[in-house]
Structures are given as structure tokens and as C-alpha cells.
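Everything on this sheet refers to the single structure shown next.
Just so you know, all these numbers are worked out from the coordinates, no wet-lab data involved. Because the structure is predicted, anything quoted here is derived from the model rather than measured. All Cβ positions, even for glycine, are placed from backbone atoms using ideal geometry, and neighbour counts span all protein chains on display.
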Amino acid sequence: MIDKIKSYLEDIASANPSGADELESFRLKYLSKKGIIPELFDEFRNVPADLKKEVGQKLNELKQKAQEKYNSVKRSLITEVSSVSEIDLTKPAFPYPEGTRHPISIVRRELIGIFSRIGFTVSEGPEIEDDNHVFTKLNFAPEHPARDMQDTFYIYRISPEESNPGDILLRTHTSSVQVRVMENQKPPIRTISPGRVFRNEAISARAHCIFHQIEGLYIDENVSFADLKQTLSFFAAELLGRDTKIRLRPSYFPFTEPSAEMDVSCTICGGKGCNVCKYTGWLELLGCGMVHPNVLEACNIDSKKYTGFAFGMGIERAAMLKYQVNDLRLYFENDLRFLEQFRTAL
Ligand code: DAH
């Protein structure tokens with residue numbers, strides 16, 4: 001038996017399995033359960049006691065040599081494979097198309113950020129509304145032209161004979177959320193309401209049937225027009241830059257008295273006059289005013305004790321001023337050439 005082992009030792013020393021297949025046959029021949037070495041261990045039981053020590057040592061040596069050979073060949077095979085594929089850890093990962101935020105989302109988030117820094121919370125209301133919240137409680141007279149089918153998408157109208165829970169419609173402005181907030185909360189109220197609004201308008205560069213607004217509402221004791229002006233001038237500086245000037249022009253809205261429209265100094269020429277501001281130096285940004293006492297009373301807020309201001313602006317409009325986009329339709333067409341330009345504006 002000792003001679004057999006010695007000759008296997010020589011075989012193993014000179015064996016040079018190349019490749020995974022040959023290495024596997026080597027393993028099967030010597031090391032697997034039915035291989036030569038386990039068989040020799042079986043035979044070892046019959047070795048006479050006086051030879052057991054010598055044979056045992058040789059047998060262990062054989063097993064060890066076979067295992068070492070197997071391990072070293074296996075290791076060289078693995079390094080061969082990885083050196084062939086040359087993994088380059090500095091290469092970029094496989095190209096994952098990375099999305100960008102829509103400019104309307106970017107500006108919406110920015111507007112929320114600005115107002116939340118001065119204590120405004122965010123509230124939302126339904127897009128499908130009733131006449132009460134969109135018009136009546138906002139002090140629109142029954143025959144006000146804004147209720148006309150021309151502007152409003154009605155879902156259904158209740159005829160005057162029926163008991164009248166109000167017409168159901170798509171909201172034409174986010175001022176409806178003011179009403180919902182005032183119905184459900186006690187002053188002090190300080191909230192902004194971003195959302196989608198709908199108007200029956202022909203689509204053009206300057207108008208769209210769906211767009212976004214953000215509404216602001218502040219109700220407390222002793223709120224004055226000066227508070228409104230300070231809030232809006234802070235807002236304009238945050239959105240468009242420290243040098244931005246604001247101007248309030250008298251205007252009319254049924255739900256505010258007095259009412260105003262706010263212009264900002266032109267974001268292109270800084271007020272000197274250019275074709276964007278039509279050489280006026282000003283661009284219109286939003287409507288605002290002191291909440292009409294009729295509106296407060298319609299929402300069960302005591303108009304002798306409380307006053308408040310409100311404002312509302314188009315998010316597309318704000319984005320247009322900020323990014324100098326001159327066509328509203330671009331916001332809705334999902335043209336990647338347009339959207340990709342906002343990649344860095346997160
Ligand atoms: N709701 C008005 C619109 O859609 C915007 C507006 C004007 C909102 C004045 C207000 C406000 O809260 O005080 O044109």
C-alpha cells in the first residue's frame with residue numbers, strides 16, 4: 001500500500017490540470033467520496049497494526065497534497081477570469097435615465113417654502129366643487145359674469161325648481177379653499193392653498209383650460225393692508241431676488257375690499273423697459289386685497305372682531321417670470337427638450 005501511495009504522490013506532484021473541466025476530473029479522481037483517497041482510507045482499516053503509523057502518515061500527506069493542488073489551481077482559475085473581465089470600478093453605472101422635476105412642481109415647492117418660512121401652513125380643497133364655495137360665499141352676485149358657462153366647466157346644474165344644494169363644477173380658482181378653511185378653522189388662520197383650476201378658455205400662449213394657482217389667506221385681529229404689503233414684498237424678494245420692486249394697483253374682486261393687483265419690476269430689464277414688459281418696466285403677478293366682510297360672515301367669522309388679507313396667483317405665471325418662459329402651452333406638452341432645461345433647478 002505504501003508504494004501505491006508513493007506513486008499517487010508523484011502523479012499528483014506532476015499533475016497540472018488546466019481549465020475548470022480538468023480540475024473537476026482531478027477532484028473526482030482523488031478527492032470525491034468515491035475517489036482514490038477516500039478508498040485508501042477505507043483500505044487503511046486492514047493495514048497491520050505495526051505499519052499503521054507509517055502508512056497513516058503517508059496517507060495524510062497524500063490527502064493534503066491533493067487538496068493543496070486542487071486549491072491552488074482553483075485560485076489561479078478565478079484570478080484568470082477576473083483579470084480577463086477587467087472590472088473598472090471608476091466607470092459610471094449603466095446609464096439610468098434620470099428624471100427631472102416639472103417646472104411647475106419646482107415653483108410650487110419654492111412658493112410653499114417661502115410662505116412656510118413666515119408661518120403659513122398648506123391646505124388643499126377639492127377640484128370638483130360646488131357653486132357655494134367657488135362663488136356664492138365669495139360674494140359673487142347671482143348674475144356675476146364669472147359664473148357664466150363661458151368660463152366655468154359645469155358638471156351638472158341644479159334647476160331652480162329643485163331643492164338647491166348648488167351647482168357642481170370644476171373650480172375656476174383656488175379661492176374656494178379659503179372658504180373651506182374659514183368654515184372649518186377659527187382665527188388666527190395663516191394658510192396657502194396650491195392646486196389645479198379649470199376654465200373654459202381656448203388654449204393659446206397666454207391661456208389654458210387647466211392651470212395652477214396658489215391662494216394665500218391670513219385672518220386675525222388687527223390685520224391691515226400694511227401687513228399684506230409687507231408679506232408680498234418679502235415674497236417677491238424671495239422668489240425673484242432682493243432687488244425686485246413691487247407695485248400695487250387698485251383693482252376689483254368680489255371677495256376683497258379694497259382689492260389690488262401686484263406688479264413686480266420686470267425680471268428681464270430690471271425696470272428699464274423692454275419688449276417683455278412692453279416698455280412699462282412692470283409685470284403683473286397676482287391679485288390680492290382685504291377679505292370682504294361678507295365673505296367672513298358667510299363663513300361664520302365675526303367681521304367686527306377679525307380682519308384679513310388674501311391673495312392669489314397663477315403658478316405658471318410665477319414660473320414664467322422666473323424662467324422667462326413665454327408660452328403657457330410648453331408646461332403641458334411634456335416635450336423633453338423643454339423639461340430637460342430644468343434639470344439643475346431642483
Ligand atoms: N381668485 C382670483 C383669480 O382667480 C385671484 C385672487 C385675487 C385671489 C384676489 C385672491 C384675491 O385671494 O384676494 O383671478
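Structural remarks
- The residues listed here are N334, N326, N275; of these, the one that is more than 10 Å from the ligand (Cβ to nearest atom) and at positive phi is N334.
- Qualifying residue in region 90-111 (condition: among the aliphatic types (A, V, I, L, M) and either surrounded by fewer than 11 Cβ atoms within 10 Å (Cβ to Cβ) or under 30 Å from P17 (Cβ atoms) (or both)): yes
- Residue count for region 317-346, restricted to those that are crowded, with 21+ Cβ neighbours inside 10 Å and of a type outside the set (S, T, Y): 4.
- Where helices (runs of 4 or more DSSP H) sit wholly within region 12-103, those with at least 3 residues that are of a type in the set (K, R) and out of contact with any Lys or Arg (no Cβ under 8 Å at 6 or more places or on another chain) occupy 49-85.
- Verdict on E110 being closer than 30 Å to R196 by Cα, assigned to a loop (DSSP other than H, G, I, E, B) and among the acidic types (D, E): no
- Candidate set from region 174-229 (those that are of a type in the set (F, W, Y) and within 11 Å of the ligand (Cβ to nearest atom)); member that is nearest to T152 (Cα to Cα): F211
- Residue among F115, F120 that is crowded, with 17+ Cβ neighbours inside 10 Å, in contact with a Lys or Arg (Cβ under 6 Å, 6 or more places away or on another chain), among the aromatic types (F, W, Y) and under 30 Å from Y323 (Cβ atoms): F120
- Region 278-297, residues that are away from the ligand (no atom under 14 Å from the Cβ), of a type in the set (V, I, T) and under 17 Å from L138 (Cβ atoms): none
- Boolean, A310 is within 23 Å of H208 (Cα to Cα) and in contact with a Phe, Trp or Tyr (Cβ under 9 Å, 6 or more places away or on another chain): no
- Subset of region 258-270 that is farther than 30 Å from E143 by Cβ and surrounded by fewer than 19 Cβ atoms within 10 Å (Cβ to Cβ) - its residue that is nearest to the ligand (Cβ to nearest atom): I268
- Flag if V291 is touching a residue at least 40 places away in the same chain (Cβ under 8 Å) and more than 21 Å from S193 (Cα to Cα): no
- Residue pairs meeting the criteria (Cβ under 7 Å; at least 6 apart or on separate chains; first within 16 Å of the ligand (Cβ to nearest atom), in region 237-257; second polar (S, T, N, Q) and in a loop (DSSP other than H, G, I, E, B)): P254/N139; F255/N139
- Leading residue by the ranking (farthest from K74 (Cα to Cα)) among those in region 26-59 that are among the hydrophobic types (A, V, I, L, M, F, W, C) and free of Cβ contacts under 8 Å to residues at least 12 places away in the same chain: A49
A quick yes/no check of all residues on (1) of a type in the set (D, E, K, R); (2) closer than 26 Å to F253 by Cα:
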| site | (1), (2) |
| --- | --- |
| K58 | yes, no |
| Q67 | no, no |
| S76 | no, no |
| I106 | no, no |
| G113 | no, no |
| R117 | yes, no |
| E127 | yes, yes |
| D131 | yes, yes |
